[in-house]
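The structure appears below as structure tokens.
Values in this text are rule-based calculations from the coordinates and carry no lab data. All values reported here derive from a predicted model rather than from experimental measurement. Positions of Cβ are backbone-derived with ideal geometry, glycine not excepted, and every protein chain shown enters the neighbour counts.
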2 protein chains.
Amino acid sequence: MRHSAGLLRRFTRANHPARMVVVGFALTVLVGTVLLMLPVSAQHGTATNWVTALFTSTSAVCVTGLVVVDTAGHWSTFGEVVILGLIQVGGLGIMTLASLLGMLVVRRLGLRMRRRAQAETKSIDLGAVRSVIAGVIALSLVIEALTALALTLRFVLGYGQSWGHGAYFGVFHAVSAFNNAGFALYPDSLQRYATDPLVCLPVVLAVIVGGVGFPVLFEIGRRLRGKRRHWSLHARVTVGTYTTLLLVGVLAFGAFEWNNPDTLGPLGTGGKLLVGLFHGVTPRTAGFTTVDIGGIDPTTMLVNDVLMFVGGGSAGTAGGIKVTTFALLAFVILAEVRGESQVHVLGRKLPVGVQRQALTVVLVGVGMVFTATLLLLVLTPFKLDAALFESISAFGTVGLSTGITEQLPRLGELVLVVLMFTGRLGPITMASALALRERGRRYDLPEERPIVG
Amino acid sequence: MRHSAGLLRRFTRANHPARMVVVGFALTVLVGTVLLMLPVSAQHGTATNWVTALFTSTSAVCVTGLVVVDTAGHWSTFGEVVILGLIQVGGLGIMTLASLLGMLVVRRLGLRMRRRAQAETKSIDLGAVRSVIAGVIALSLVIEALTALALTLRFVLGYGQSWGHGAYFGVFHAVSAFNNAGFALYPDSLQRYATDPLVCLPVVLAVIVGGVGFPVLFEIGRRLRGKRRHWSLHARVTVGTYTTLLLVGVLAFGAFEWNNPDTLGPLGTGGKLLVGLFHGVTPRTAGFTTVDIGGIDPTTMLVNDVLMFVGGGSAGTAGGIKVTTFALLAFVILAEVRGESQVHVLGRKLPVGVQRQALTVVLVGVGMVFTATLLLLVLTPFKLDAALFESISAFGTVGLSTGITEQLPRLGELVLVVLMFTGRLGPITMASALALRERGRRYDLPEERPIVG
Ligand SMILES: [K+]
Ligand SMILES: [K+]
């Protein structure tokens, strides 16, 4: 048992990169909590209680979008700007740090490098760090600006809002969309724009670009500039899985809700298709809604449970266990059923270590969601479907809600705070901490095979 | 893709052992269905429709215990005896065949043998087969006889039943208990005996002995005769995990139901403890109840969902993915978190192949339960908690019901029929078919590591 506390010991070491990420996010959440508690942050000029402030700050930094008070109704414009800032910091932070951790893992393990010239160094050189940070910031600002422009024009020209109001709403929802944050300045999210493609499509595009992950976008960028010939395995698996899950989401929502009088029922065919598309995208942890989630069919809810748990691409603004983690396990099972001793993914061999990491991320995630659901069932009168949906929404930093979050007791809110934070950082830090771990016990024990199944 | 259909091809080969098990069970179910459709099998002397007969036959052969008609109310004594026979054949069959498949796996892979002298042969010799069959039959008859005796004496002496009636009820419930079948001759299962330890304890003991699995009992038997010095890894993991889950079940049921007016609330402390013990044991796929499952707390239900999915010991009468499968994955995660490159379980190294098999069994099981739950949600007005509980109960061949099985439409009944059959045979045949597979593609592809989490 010499190395038994290996990961824990290394994780608590001050300079472990995964630990720095966790501490950085925790400090940002604390700063946000303090700012939101100030009387100036609230609509009525009175101090907000610490649980509400902590919940909102965590939800913003972790780009979740679950709320215990209506965003526009409770917070002042100052408070809203604080939330916007927390979303932006959280989104930039997660993309930058997850990309750097991913690079560190690739580099430390001596596998294929992004830049072969740097293969000798043990850590990432400052140039690479700068280029990731610059790339993330540039990408975020460009996409957010374009989305904000499109939304502002629509709000002003289509809905007669003033330029000031339209621009503020355009920027807020653009930043919230690109960062897959799901915060909206309307109490019913984007439901009033449900059938307006000029609002819904820019939001959907921003959500997808933000959620597919920086490494994939970086690769697309390099390819567009003619610098790369082959797509990496990561990019191919991400794009393929992201697209597949998106189609599943759209088809499931369309099929199960088509005649539901509480959702798609009252809409025309065009409206049904647009809302179906929007709600096929939003479980990829965007969190905006254009129909009332409280009214969806139990079947849709269950499909969404799975889609939200899986989430989006690695090192993007989306949450969940990530589409690659999900896809890799599918390939492991496929290999097992095919009777192959090694796991092959699109012409590449999958290291055994990665398989175990994916398994660990998924099962720890299942354990966390299970525990939170159980706690919500103990603490509240809500049923399994609602408690499970809200837990997965918090874990996957999705922000979709059947409406129970606003009715939770304090302890229930704290359960979701912990779940949002661990759900946001858990899969990333766990996977990288696991991958960066030392090689354990070298001495061999005799092998023995218990019966499975 | 040369070997892409490896497992499938080998599985469809006539003499693949896993396939023979599936065909054997399917034929038994068909014979049972025909017998139960006969007018003589029904109380009223009229033919029973094929769906009800198929459901009941499947439930009996797979020792599940879910029913769409009240057992004593619908079937004649002849029909009841048919059910009893199907339970006995199903229980003996699963114990024998799973034990033999397990031995075949161990032998084929050239690992530690039960008898070293036979290590050279490629298959199991007839002597070993005979000894397993004889052992299973002897064990079943002895335990069933002892349980039947205890129950009969109690029914006759404690409740004034006639010797004939008491013996019939004693035998039926003893066989049903040992085979973890959960069929009862009372419409409310064993609720009338909830506070009678002289009925409950023999049933609990029979359930545990039947459910822990023949390989473990075989080892205990050999040890009692002084023939074996060390416990196998399989026995240690099974007993440890079975006991732990049993305690979790008892504690959860006691804690969450203590004051529930629909379950433990009205009982005295002694009664609460006895029912708590009984319902801590019964999710290990026994299926008998001594309180109304429809009245349990959502929290208890969720804990039971997990316990029922895990089930009992390998090659016993219990169902589920099996306690070893569950425990092995926990050890894989533990090794991963500790930063160890190999997985060690109680001083033994776990082969990578077994890890992947356990993963496959669990995730395919999750997929099956998910699909069935989704279908039930589509086909019925029931909520997620009830649909999920019933699906897991069918998959794990548990037989606990919140009451919705009797209200299902035909298609819903057929969903559960498929789930009971695949849940009973899937984990066993999948695990052994996977373990017996040929070694696949030998040529190597370049390794590449996508980002996880
Ligand atoms: K979100
Ligand atoms: K059962």
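For the Cα trace of the range A:268-408, dividing Rg by the Kirkwood Rh returns an Rg/Rh value of 1.04. Return a whole-number percent for the relative contact order of chain B, with Cα pairs under 8 Å and 6 or more residues apart as the contact set. Computed over chain B, the figure is 18 percent. Computed across the protein assembly as shown, the Kirkwood hydrodynamic radius from all distinct Cα-Cα pairs reaches 29.2 Å. Under the convention that each Lys and Arg Cβ holds +1 and each Asp and Glu Cβ holds -1, the size of the dipole of chain B around its Cα centre is about 2680 debye. Ordering B:Gln342, B:Thr269, B:Leu408 by Cα displacement along the dipole of chain B toward the positive end leaves B:Gln342 in first place; charges were set at the Cβ atoms of Lys, Arg (+1) and Asp, Glu (-1). Computed over the alpha carbons of the range B:268-341, Rg followed by Dmax gives 15.6, 52 Å. Overall, the protein assembly as shown carries a charge dipole of about 5340 debye about its Cα centre when +1 sits on the Cβ of Lys and Arg and -1 on the Cβ of Asp and Glu, all other atoms neutral.
Amide H contacts of A:Trp75 (H built 1.01 Å from N, in plane; Pro and chain starts excluded): A:Gln43 sit under 5 Å, all sequence-distant by 5 or more or on other chains. By the count of neighbouring beta-carbon atoms within 10 Å, fewest first, A:Thr397, A:Thr269 end up ordered A:Thr269, A:Thr397.
For chain B, the longest principal axis of the C-alpha atoms and the axis of helix B:17-37 are separated by about 20°.
Estimated from helical segments only, the mean residue ellipticity of chain A at 222 nm is -20500 deg cm²/dmol, where each DSSP H run of four or more residues counts as -39500 (n - 2.57). Note on A:Lys272: lysines with a C-alpha under 30 Å away, same-chain residues under 8 apart excluded, are A:Lys322, A:Lys383, B:Lys383. Maximal additional length on extending the A:Ala255-A:Trp231 stretch stands at 5.2 nm, based on 0.36 nm per residue less the C-alpha distance.
Think of the protein assembly as shown as having a plus end and a minus end, set by charges on the Cβ of Lys, Arg, Asp and Glu; of B:Leu205, B:Ser41, B:Gly294, B:Leu205 sits farthest toward the positive end of this dipole. In the protein assembly as shown, the DSSP beta bridges split such that about 75 percent are antiparallel, to the nearest 5.
Each of A:Arg284, A:Arg356, A:Arg236, B:Arg223 was scored by other Cβ atoms within 10 Å of its Cβ. Arranged with the fewest first, they read B:Arg223, A:Arg236, A:Arg356, A:Arg284.
Sorted from fewest to most neighbouring beta carbons within 10 Å, what does the list A:Lys272, B:Lys383 look like?
So the ranking, lowest neighbour count to highest, is B:Lys383, A:Lys272.
Helix A:269-281: angle to the longest alpha-carbon principal axis of chain A, degrees 0 to 90, nearest 10? For helix A:269-281, the angle is close to 40 degrees. Applying 1/(1 + (r/R0)^6) with r as the Cβ-Cβ distance of B:Glu406 and A:Ser131 and R0 = 60 angstrom yields a FRET efficiency of 0.40. Between identical copies, the spacing of A:Gln407 label points, each set 7 Å from Cα toward the C-beta atom, reads 2.1 nm from nearest to farthest. For the Cα trace of the range B:185-260, dividing Rg by the Kirkwood Rh returns an Rg/Rh value of 1.09. Per the Kirkwood treatment, what hydrodynamic radius in Å, one decimal, follows for chain A from the mean inverse distance over all distinct Cα pairs? The answer is 22.7 Å.
Between the beta carbons of B:Arg192 and B:Val418, assuming R0 = 41 Å, the FRET efficiency works out to 0.80 to the nearest 0.05.
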